[in-house]
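Any read-out appearing in this document is the output of simple, stated calculations on the displayed coordinates, not a laboratory observation. Here the structure is a predicted model, which means the values were calculated and not measured. Cβ placement follows ideal geometry from the backbone for every residue including glycine, while neighbour counts extend to all protein chains displayed.
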Amino acid sequence: MRVIRVLAAVAVLTTPTLYAQESKTYVGVITDTMCTTDHTPMKVSPDSKCVQECVRDAKTSKYALISGKNVYTLSDQRTPASFAGQKVKVTGVLFTKTNILKVDTIVAAN
């Protein structure tokens, strides 16, 4: 009976790691979830300033990454501030149900 309990405990503890998503690198531009690709209606330029102001002033706007046609909300809301409006490489795990990218690292892209 003790062996069964140990095996059950091991199975419970290791199962989440079996289904964990892989960390990947996404290349795109740091933006905000309100403006996404078009900052002209806000009449704030350059785009980097608009992104920072939207995130600072709007309670519903967050830093995001535009990669191709996709917009991913970033889990880290501090680091992207220094990359607002810039092309970056974000490494992390994408949770497809929520479209949130759990950030491991953000670095400038060439």
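Once both labels are positioned 7 Å from their Cα atoms along Cα-to-Cβ, the gap between Lys59 and Lys87 label points is 3.8 nm. First measure r as the distance between the Cβ atoms of Lys24 and Arg78, then evaluate 1/(1 + (r/R0)^6) with R0 = 22 Å and state the FRET efficiency to the nearest 0.05. The computed FRET efficiency comes out at 0.55.
Spacing of the modelled spin labels on Ile66 and Thr36, each 7 Å from Cα toward Cβ, amounts to 1.0 nm. Annotation for Ala109 and Ser45: the two label points, set 7 Å from Cα along the Cα-Cβ direction, are 2.4 nm apart.
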